[in-house]
Structure formats: C-alpha cells, structure tokens
Amino acid sequence: MPILLLAAGASKRMGQPKQLLPWGDTTLLRHAVRHAQQVSTMVYVVLGAAHEVLRDHLSDTGAISCYNAAYESGLGSSIACGLRTILDDDPTTPAVLVLLADQPEVDAAYLRRILAAHRLAETAIVATAYPQRAGVPALFPKDDFPALLELAGDAGAGSYLKNNRDRVHLVYPTTPLYDLDTPEEYRRHEGDQEHH
C-alpha cells in the first residue's frame, strides 16, 4: 500500500526548511522516509518549498517525489497532488496512508498498527486519535479518493475526518505525536532523537 508523506510546507515559523533539520543520525525528512519504507515499498513524498534541494536530498532513498506547485495554499492541495501521482502510477490502488514529515514520533511500529486496523475494517478510514480530534497519520480507502482529489487550500485531512467521523476508526498512540513547527518545539524535543 502506498504511503503519502507530506513535506511541502515552507517552514515559515521554523525560519529554515525543517525537513532538513538534524534528527538522530539523519534529517527529519529522511527519518520519516526511513520509517515509511519499513512498511511500504511505495513511498511518495510531496514537495513544495525548496523542492529542488529536498528532491536531491532524497535522490538515493528510492522514495518517489512529486512537486505541488500550489503548496502555499495548504495541506489539502498537497494531499490531492500526491494522490493524483499515486493513481497515475496505479489506478487500482486500494487505499493510501497519509503522514507528515514533521512528526518524528511516528515510527514503523505505529504505522503497522494503522495498517493492522485497516485489515480489520477495510472500508473505514483509520485515523490517529488526538485530544479533541482525529488526524494524521490516517489511512483512506479508495471510496474516499474522489473527495481527497478535490481538497484545496488549508482544509486538509482534518476537516475531512471531522465531516466523516461516523466512518473513522481511531488508533490511540502510546506516546504523544507532536509536530515540529517552531525552533522552540525543535529544541524542546531534541532529546527525543536518542530513542530513534
């Protein structure tokens, strides 16, 4: 099953491309790709800001990169762009697992839990449980593809999950999953790198 890794943001609050920030023995982006590739041979990375640098950074990983020219409009456009690329490669794709490049606590073990939940409920959306909402990493079956292809702007997967909550099966992470958006958040979590 393909994995769609969203890494198109401009990292304005971080002040530099956060995808290239050191994490463990690698970078945030390659860390995410490494864990994704432990559960899927088809890892697609949506790039936007600094896409040429990031594409070069991934050139030896085997991940397939695609460029979202509308990345500044938000996550929704990146999901649609990545899904179009996946379906161009294989129109019979049965489901896609969407995750973010800036959530370093998302590891292969957690992704396997989402895939296991999908095998038990193949028509459900499988999403991550957060304190007030469902979010990514999330797995969407093919029935949801038409709606995902229409996503635009910053209304990403979160709003779609909220509008389809009756079909969402939640997976509860055993450790908090955080995004790294600011230098302060990165510094606060730098010690977590030792566990990876």
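The values are calculated or read from the model by the stated rules, or taken from the named source; none is laboratory data. Given the structure is predicted, the values throughout are model-derived calculations rather than measurements. Backbone-built Cβ (ideal geometry, glycine too); neighbour counts: all protein chains shown. Calculation scope for accessible area: heavy atoms of the full protein, side chains included, ligands and nucleic acids excluded. Shrake-Rupley method; radii C 1.70, N 1.55, O 1.52, S 1.80 Å.
For the structure I just gave you, tell me whether Tyr172 is at pLDDT below 95 and among the aromatic types (Phe, Trp, Tyr).
Numbers: at pLDDT below 95: no; among the aromatic types (Phe, Trp, Tyr): yes.
Taking the combined requirement at face value, the residue does not satisfy it.
Could you name every one of the strands (runs of 3 or more DSSP E) located completely within region 1-90 that has at least 1 residues being under 21 Å from Gly158 (Cβ atoms), touching a helix residue (DSSP H, G or I) at 6+ places or on another chain (Cβ under 7 Å) and open to solvent by less than 40 Å² (accessible area, probe 1.4 Å)?
Values: elements: 3-7, 43-47, 64-67.
It comes to 3-7, 43-47.
Which count do you get for residues in region 154-188 that are closer than 22 Å to Pro17 by Cβ and surrounded by 12 or more Cβ atoms within 10 Å (Cβ to Cβ)? Explain how you work it out, then say what you get.
Start the filter on region 154-188 by keeping residues that are closer than 22 Å to Pro17 by Cβ, which leaves 154, 156, 177-188.
With surrounded by 12 or more Cβ atoms within 10 Å (Cβ to Cβ) added as a condition, the list becomes 154, 156, 177-183, 185-186, 188.
Going through region 154-188 one residue at a time, the tally reaches 12.
Considering only residues that are closer than 17 Å to Pro94 by Cα and of a type in the set (Val, Ile, Thr), which ones fall in region 118-167?
Thr123, Ile125, Val126, listed by residue number.
Can you name the residue in region 157-196 that is in a helix (DSSP H, G or I) and of a type in the set (S, T, N, Q) and, of all such residues, is nearest to Ala138 (Cα to Cα)? Spell out the reasoning first.
Taking region 157-196 and keeping what is in a helix (DSSP H, G or I), we get 157-163, 165-167, 183-195.
Checking which are of a type in the set (S, T, N, Q) leaves us with 159, 163, 193.
Numbers: Ser159: 13, Asn163: 14, Gln193: 24 Å.
So, considering only residues that are in a helix (DSSP H, G or I) and of a type in the set (S, T, N, Q), the one nearest to Ala138 (Cα to Cα) is Ser159.
What's the number of the condition Gly158 fails, among (1) touching a Lys or Arg at 6+ places or on another chain (Cβ under 9 Å); (2) over 22 Å from Leu180 (Cβ atoms); (3) modelled with pLDDT under 90?
Gly158 satisfies all of (1) touching a Lys or Arg at 6+ places or on another chain (Cβ under 9 Å); (2) over 22 Å from Leu180 (Cβ atoms); (3) modelled with pLDDT under 90 except (2).
Would you confirm whether or not region 134-150 contains a residue that is basic (Lys, Arg) and either under 21 Å from Ser77 (Cβ atoms) or surrounded by 15 or more Cβ atoms within 10 Å (Cβ to Cβ) (or both)?
Looking for residues that are basic (Lys, Arg) and either under 21 Å from Ser77 (Cβ atoms) or surrounded by 15 or more Cβ atoms within 10 Å (Cβ to Cβ) (or both), one finds at least one in region 134-150, hence yes.
For region 94-128, name all the residues that are open to solvent by 10 Å² or more (accessible area, probe 1.4 Å) and in a strand (DSSP E or B).
Across region 94-128, the qualifying residue is only Leu100.
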